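Each reported figure results from applying straightforward, stated rules to the coordinates on display, with no laboratory input. Keep in mind that this is a model prediction, so the values were computed, not measured. Note that we place each Cβ from the backbone using ideal geometry, even for glycine, and neighbour counts take in every protein chain shown.
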Amino acid sequence: MNHLQQQPLVAIVILNYNGAHYLQQFLPSVLASTYGNKKIIVADNASTDASVLMLQNRFPEVTVIQNTKNEGFAGGYNWALQQVNADYFVLLNSDVSVTENWIEPIIQLMESNDKIAACQPKLLSFHAPSEFEYAGACGGWIDTLGYPFAKGRVFDTMEQDKGQYNDIEPVFWASGAALFVKSVVFKNLNGFTASFFAHQEEIELCWRMQLAGYSVYVCPQSVVYHVGAGTLQKGSKKLYLNFRNNLLMLAMHLPKSDKIKTLFIRFLLDAISAWKGLFTGNFSFFIAVLKAHIYVLLHWQQTQFNSENKKPLKQLKGVYNGSIVWQYFFKQKKTFSEIVENKHA
């Protein structure tokens with residue numbers, strides 16, 4: 001009992017929207033976690049399936065809180081975490097299978113350094129367990145034009161996990177699929193930007209954490225398996241939110257000296273992709289990019305984020321000082337190590 005009292009309290013909070021089948025499949029692995037001082041909460045985002053009833057019947061030891069409307073990943077977690085008291089929050093997707101001792105290495109790391117505000121485990125693919133998984137692989141990076149990628153995943157290329165990224169080290173962003181955060185930092189920074197709804201809100205939060213003087217880490221000694229694309233299926237809404245939120249984030253956090261130039265290049269590259277999509281018959285892609293650009297231009301004033309700590313991107317951790325678009329599509333470098341470790345090549 002004394003051992004439990006010495007352990008920080010960890011709240012594993014699973015945001016659910018119509019994910020009864022995932023909860024049935026993966027909650028048993030979460031319940032089998034060996035970390036002692038934990039509580040498991042499912043925050044239901046106004047599901048229309050039988051999620052809540054199933055949880056009450058099959059998993060009575062899990063706390064269920066219910067939202068009256070679906071506020072997406074960002075708003076849903078902001079709502080849920082206001083009601084949770086713990087030293088650490090673990091934001092866990094419903095489509096993640098965890099290993100027994102996935103919590104201990106990360107809590108040990110975060111307890112060792114007050115400045116580590118967020119951390120992620122190694123994310124492997126549930127369907128191809130020897131491969132890194134798209135949503136965060138072995139820690140998120142970003143390039144100077146704002147394109148996110150990860151150790152083990154660049155665009156749609158997933159690497160095999162051969163232990164090549166097993167070092168504990170700072171990254172730019174930690175995946176929202178299995179995100180450990182110090183609760184006090186999450187609350188002090190007012191959580192996610194709710195208007196993002198879903199996609200890249202964890203990258204934006206991690207950027208704010210770095211601007212506030214904190215670090216974001218990956219701890220590959222903790223391993224989880226992610227189905228991926230389980231909560232918001234691929235489609236025009238997903239594309240729209242990805243493009244829109246990425247551009248909003250750049251407009252919010254880049255220093256004025258970098259903002260106009262970077263966004264001009266990004267709008268141009270996005271437009272080239274959109275027109276290419278149109279000419280190859282992908283009309284929904286073209287419309288998603290167009291809508292994203294219009295939204296950012298119409299809401300430009302709202303992106304003037306008040307932060308005295310703005311720094312050029314390249315001064316932060318986990319930033320590739322170059323273009324992954326150039327490296328990947330033109331120089332045909334498909335892996336993280338080829339791009340980042342040979343950046344002067």
Original post:
How large is Rg over Rh for the chain, taking Rg from the Cα atoms and Rh as the Kirkwood inverse mean of 1/r across Cα pairs?
Top reply: 0.95
Original post:
With charges set only on the Cβ (+1 for Lys and Arg, -1 for Asp and Glu), what does the dipole of segment 236-340 come to about its Cα centre, in debye to the nearest 20?
Top reply: 120
Original post:
If the cut-off is a Cα-Cα distance under 20 Å, which aspartates and glutamates reach Lys182, setting aside same-chain residues fewer than 8 apart in sequence?
Top reply: Asp87, Glu104, Glu111, Asp114, Glu169, Glu201, Glu202, Glu204
**OP:** Compute the long axis of helix 236-253 from its Cα atoms, compare it with the longest principal axis of the Cα atoms of the chain, and write down the angle in degrees, 0 to 90, nearest 10.
**Re:** 80
**OP:** Could you go through segment 265-271 in sequence order and give the Karplus-derived ³J(HN,Hα) for each residue, using 6.51 cos²θ - 1.76 cosθ + 1.60 with θ = phi - 60°, rounded to whole Hz, and x for Gly and Pro?
**Re:** 5, 5, 4, 5, 5, 4, 5
**OP:** Rounded to the nearest 0.05, what FRET efficiency do Asn190 and Ser236 give with R0 = 30 Å and r taken as the Cβ-Cβ distance? Could you check?
**Re:** 0.50
Original post:
Tell me, in nm to one decimal, what length is gained between Tyr295 and His21 on full extension, where the rule is 0.36 nm per residue of separation less the Cα-Cα distance?
Top reply: 95.1 nm
Original post:
Distance in nm between label sites at Thr157 and Ala50, each 7 Å beyond Cα in the beta-carbon direction?
Top reply: 4.6
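How much length is gained on full extension from Gln108 to Ser130, taking 0.36 nm per residue of separation minus their Cα-Cα distance? Working shown, then result.
Values: separation 22, 0.36 × 22 = 7.92 nm, distance 2.57 nm.
The span from Gln108 to Ser130 would gain 5.3 nm if fully extended.
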Subject >> With at most 14 neighbouring Cβ atoms within 10 Å, loop GluC sites (Glu not before Pro) (DSSP) excluded, longest segment of the chain >> reply: 101-307
Original post:
Can you list, largest first and rounded to whole Å, the semi-axes you get for segment 242-307 by taking the square root of 5 times each eigenvalue of its Cα gyration tensor?
Top reply: 24, 12, 7
Subject >> Spherically averaged projected area in nm², based on the convex hull that wraps the Cα atoms of segment 1-127 >> reply: 8.3
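Say R0 is 56 Å: what FRET efficiency, to the nearest 0.05, do Ala212 and Thr280 get from their beta-carbon distance?
0.85
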